[in-house]
1. Hey, fewest Cβ within 10 Å first, where do Cys185, Cys327 land in order?
2. Using DSSP to define loop residues, name the trypsin sites (Lys or Arg not before Pro) in region 55-110 whose beta-carbon has at most 15 other beta-carbon atoms within 10 Å.
3. GNM, the chain, Cα, under 10 Å: largest mean-square fluctuation among Ala94, Ala139, Ala305?
4. If neighbour count is taken as other Cβ atoms inside 10 Å, put Trp244, Trp317 in order from fewest to most.
5. Please report Ile198, Ile103, Ile110, Ile258 as a ranked list, fewest other C-beta atoms within 10 angstrom at the top and most at the bottom.
6. Can you tell me the orientation of helix 301-314 relative to the chain, as the angle in degrees between its alpha-carbon axis and the longest Cα principal axis, to the nearest 10?
7. I'd like the distance separating the alpha-carbon centroids of region 155-198 and region 216-255, in whole Å.
8. Please list the radius of gyration and Dmax for the chain, considering alpha-carbon atoms only, with Å as the unit.
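FYI, it's all coordinate maths here, none of it is from the lab. This structure is a prediction, so every number in the text was calculated from the model and none was measured. Note: ideal-geometry Cβ built from the backbone for every residue, glycine included; neighbour counts use all protein chains shown.
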Amino acid sequence: MPLNRRWSTDELPGSARPSWPVVLDRQHDIISHGQLRSYGHTKADLAANVEAGRWQRVLPGVYATFTGPLPRPARLAAALLYGGRHAVLSHHSAAEEWGLVPITDRPVEITVPYTSSAISQLPIVAVHRSRALRHTTLATTPPRTRGPDTIVDLAVSQETARDATLLVVDLVSRSSMSLEAVENCVSQRPPFRYRAAIRRGLGLVRNGLMSALEVEYLELVEDQHGLPRGDRQTPFAVDGKTLWEDVTYDSHGAAVTIRLDGRATHATAGVAFRDRRRDNAAELAGRARLVYGWQDVHSSPCEVAAEVRAILLREGWNPDGSRASSCRLCRSLS
């Protein structure tokens, strides 16, 4: 037999020929060693195609029937084939499929049953294990963990408890997953770490916080500097529409609005026009307003707090002394 001879579909058993292109199309031209054997491929066929540069080995027991870089769908298919028939996309990869996070070139993350022998093969695939996989899987194409479980998995994988809290607030508030669904997920399958931090994030969302920046403002500006806790997501009528302000202090006797500009949600031309109309409506109503971004709140919370305090006092806030500043930096400078 000549070395590296070109294999042809004509060599497949007649009954297998119709399904071969269907399988390749479904798996984005990725195939497993077991599937190759079921179609009559021998080790010699496989070696010949790889050595000739017609195919390429992607992962142990998984091959691409083409050469060159793997597109994202092919990488996902390869990772799932490597993980076995019960493997599902999870963590960041599932979050990408849900539209919760941007798509990146990081390793594909999959979860397999706890008894699986699959291990991580970086930089292609990172493998997680679960004993509850049948309860957390959604039969999509490709299969992935359910939305609420994906959010919890991502929170558990954060480096710190605070990061877990901020991630929960950010993802739950801007996704299509209901708060109740994520709360039920945490109750039914309590995460093995950051449980309190995750529940705290859910509680913040329930109380009206809609982004990590709003959490930073609450904790670093209001709470640490003895400012009153404003009302969250207050509705206002602008041009016949209901718009929502991040923080207001009307319940504390001051007609003051704080808008927290997280860039990602305030960057488009349409949003910029909406905010200008909202600013004009606030001015006509005699409302004071301040706008802060992530850099302001995260890096200069003392300066932000001083500005907010000054405007609140000017607009009628009467401190009752129940909330004293706990900011160590402010104390060291006083």
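1. With the fewest neighbours first, Cys185, Cys327 line up as Cys327, Cys185.
2. Sparse-neighbourhood loop trypsin sites (Lys or Arg not before Pro): Arg85.
3. Maximum fluctuation in the GNM of the chain, among the listed residues, is at Ala139.
4. Ordered by Cβ neighbours within 10 Å, fewest first: Trp244, Trp317.
5. The most exposed by this proxy come first: Ile103, Ile258, Ile198, Ile110.
6. 40 degrees
7. Spelled out, the Cα-based centre of one part sits 24 Å from the other.
8. Over the chain's Cα set, Rg and Dmax evaluate to 27.2, 93 Å.
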